[in-house]
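Novice: Okay, handing you the structure first.
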Amino acid sequence: MTKLKSDSELCYHVSCSEKCYVVLPFHAECQRYIPEYYNYFLPLFHHRNSTETMVNVNVIHSIFNILLPPITLTSLYLLIKSFHFVIRSVLSQNVEGKVILITGASSGIGEHLAYEYGRRGARLALVARRENRLNEVAIKAKSLGSPDVITIHADVSIVQDCNRFVDLTVNHFGQLDHLVNNAGIVPLSLFEHITDITNFVPAMDINFWGSAYGTYFAIPHLRKSRGKIIAIASSAGWLPTPRMMFYNSSKAAVISFYESLRIELGKEIGITIVNPGLIESEMTQGKFLSKEGKMIVDQEMRDVQVSLVPIRSVTGAAKAIVNSACRGDSYLTEPGFIKSTFYWKAFCPQVLEIMNRWLLMSGSSERGAISKKLLDMSGLKNKLYPESIRNPKLKPN
Ligand SMILES: NC(=O)c1ccc[n+]([C@@H]2O[C@H](COP(=O)([O-])OP(=O)(O)OC[C@H]3O[C@@H](n4cnc5c(N)ncnc54)[C@H](OP(=O)(O)O)[C@@H]3O)[C@@H](O)[C@H]2O)c1
């Protein structure tokens, strides 16, 4: 091994009878490891010409300098996160016998959360406006394993109703362990098409205030049980989408509300903020609040908005949400791949805007948007949408 240059440059030339090899520059104290290092990297740095080799080695060295620190930091971060995840999973709460209050339990995510908690032996208070649907859900939740289920007819946008459903739950069961704020609606219209701007007030009243009211009345009881709040927000809280500005704003408000509240409550009451992507439910069957202020079913417009984004099964989503709440996660994005849109928003918001404008706004008409054309032309609806969405119970008005 022949030293080619000064110690300060720390480059080494290794020669043999036939070939010429150069190893990477070394830190002075590592010089004694050169033979092992050399053997390891030999195939990488095999060159005929030593000048050319030096150039390549310097390039590789620069690449290592740039890439290794972030890769190491990212790996350490992921390692620590995985470690925490494993610890939280091992110490996950057993909800058998616990009292769970779920708003919006008459369909979709709320309904299936009732089944998932029921399977785990939790006692349930189910809240919504459609009593007949609530009763059906209650019967099924009992058959799946819940020892006691009550149903409460209430509108979460009315503050007295929220006070009442919390009181009724605590009076019946004597405690409250999880409050699941799930009730929600989606208003859908281009802003300038809205016939009366106040038609969309219910979005904020139900999605945001409906969560805040219930939380307000539940906190004293949750404090006693060191309970949890599960806030069903949405990835729409950070994703800009045309026609959904009121929905998106209400969900951004929900996220911000619970992030701020978490600081006030500390560790006494856990808060899991759930950000679903697209989950099978009445909402993804095309149930919207129209620009006239009426709940309608419009599957064509659903296709425009959803396009080629896969819709997650509600059973899987409910299981993931209950697991996450029991682990005491601060956030859950379900399905996980939707989290990537958060990074697009953070680092390339303009690209997101351009893409959404092109997909959802351009085309022959509102219903002939590129997003819908792509869905129709690709024929992927069968693969990306679950059966309940392809053949929905809800029929268009
Ligand atoms: N599905 C998705 O892709 C998706 C994505 C992101 C977030 N989310 C969120 O997930 C939550 C559940 O929605 P979902 O997808 O399961 O839709 P869904 O099937 O339409 O369920 C909505 C539930 O909210 C209830 N609700 C609506 N207004 C209410 C009110 N004023 N008072 C009491 N209950 C009310 C409905 O019951 P009644 O009509 O009987 O009152 C129903 O049980 C919502 O907060 C939604 O924003 C859903």
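Read the figures in this text as sums done on the coordinates, not as results from a lab. Everything numeric in this text was worked out from a predicted model, so none of it was measured. Neighbour counts run over all protein chains shown; Cβ positions are idealised from the backbone, glycine included.
Novice: With a bin width of 10 angstrom, please list the P(r) values of the range 312-397 as percents of all Cα-Cα pairs, from the 0 bin to the one holding the largest distance.
Specialist: 14, 27, 38, 19, 2
Novice: For the chain, what is the percent of antiparallel DSSP beta bridges, rounded to the nearest 5?
Specialist: On the way: 12 of 40 bridges.
Of all bridge pairs located within the chain, approximately 30 percent are antiparallel.
Novice: Over all distinct Cα pairs, what is the inverse of the mean 1/r for the chain, reported as the Kirkwood hydrodynamic radius in Å? Don't skip to the end; give the middle numbers.
Specialist: Values: mean 1/r = 0.0410 Å⁻¹.
Result for the chain, one decimal place: 24.4 Å.
Novice: Can you find, among GLY227, THR169, THR198, the residue sitting farthest towards the positive end of the charge dipole of the range 95-340, where Lys and Arg contribute +1 and Asp and Glu -1 at Cβ?
Specialist: The listed residue farthest towards the positive side: GLY227.
Novice: A further question on this structure: What's the magnitude of the charge dipole for the range 172-247 around its Cα centre, counting Lys and Arg as +1 and Asp and Glu as -1 at the beta-carbon? Answer in Debye, nearest 20.
Specialist: Dipole size: approximately 480 debye.
Novice: Taking trypsin sites (Lys or Arg not before Pro) that fall in a DSSP loop and have at most 16 other Cβ atoms within 10 Å as cut points, what is the longest piece of the chain between them? Mind showing how you got there, number by number?
Specialist: Details: sites that count: LYS5, LYS19, ARG48, ARG129, ARG130, ARG226, LYS267, LYS294, ARG367, LYS393.
Result, exposed sites excluded: 131-225.
Novice: Which cross-chain or sequence-distant (5 or more) residues have an amide H under 5 Å from the amide H of ALA125, H modelled 1.01 Å from N in plane?
Specialist: Distant-sequence amide H within range of ALA125: ILE100, LEU101, ILE102, ILE150.
Novice: Considering only GLY214, LEU265, VAL186, whose Cα is most displaced toward the positive end of the charge dipole of the range 95-340, charges sitting on Cβ of Lys, Arg (+1) and Asp, Glu (-1)?
Specialist: Farthest towards the positive end: LEU265.
Novice: Of the options SER290, SER324, GLN305, report the single residue whose Cα projects farthest towards the positive end of the charge dipole of the range 277-337 (beta-carbon charges: Lys, Arg +1; Asp, Glu -1).
Specialist: Most positive-ward Cα: SER324.
Novice: Do the alpha carbons of any pairs in LYS339/LYS395; LYS294/LYS373; LYS291/LYS319 sit beyond 30 Å of each other, and which pairs? Intermediate results must be reported in sequence, preceding the final value.
Specialist: Working: LYS339/LYS395 32 Å; LYS294/LYS373 27 Å; LYS291/LYS319 34 Å.
Result: LYS339/LYS395; LYS291/LYS319 exceed 30 Å.
Novice: Also, I was wondering about something else. Relative contact order, percent, of the chain when contacts are C-alpha pairs under 8 Å separated by at least 6 residues? List each step's numbers first, then the result.
Specialist: On the way: 681 pairs, mean separation 49.8, N = 397.
Here the relative contact order equals 13 percent.
Novice: With Cβ to Cβ distances under 13 Å as the rule, what net charge do the other residues near ASN199 carry (K, R +1; D, E -1)?
Specialist: Numbers: positive: LYS291, LYS294; negative: ASP196, ASP205, GLU292.
Neighbourhood net charge equals -1.
Novice: Quick one: check the C-alpha center-to-center distance for the range 335-355 versus the range 256-285, whole angstrom.
Specialist: Distance between centres, Cα-based: 20 Å.
Novice: How large is the dipole of the chain about the Cα centre if only Lys and Arg carry +1 and Asp and Glu carry -1, each at its Cβ, rounded to the nearest 20 debye?
Specialist: Values: 43 positive and 34 negative charges, 129 e Å.
My answer is approximately 620 debye.
Novice: Hey, for a label at ALA346 modelled as a point 7 Å past Cα toward Cβ, could you say which residues of the range 66-91 have their backbone N under 14 Å away?
Specialist: Residues 74, 77-78 qualify, since their backbone N sits under 14 Å from the label point.
Novice: While we're looking at this one, here's another question. Where the centroid of each part is defined by its Cα atoms, how far is the range 201-222 from the range 365-397 in Å?
Specialist: Centre-to-centre (Cα) distance: 33 Å.
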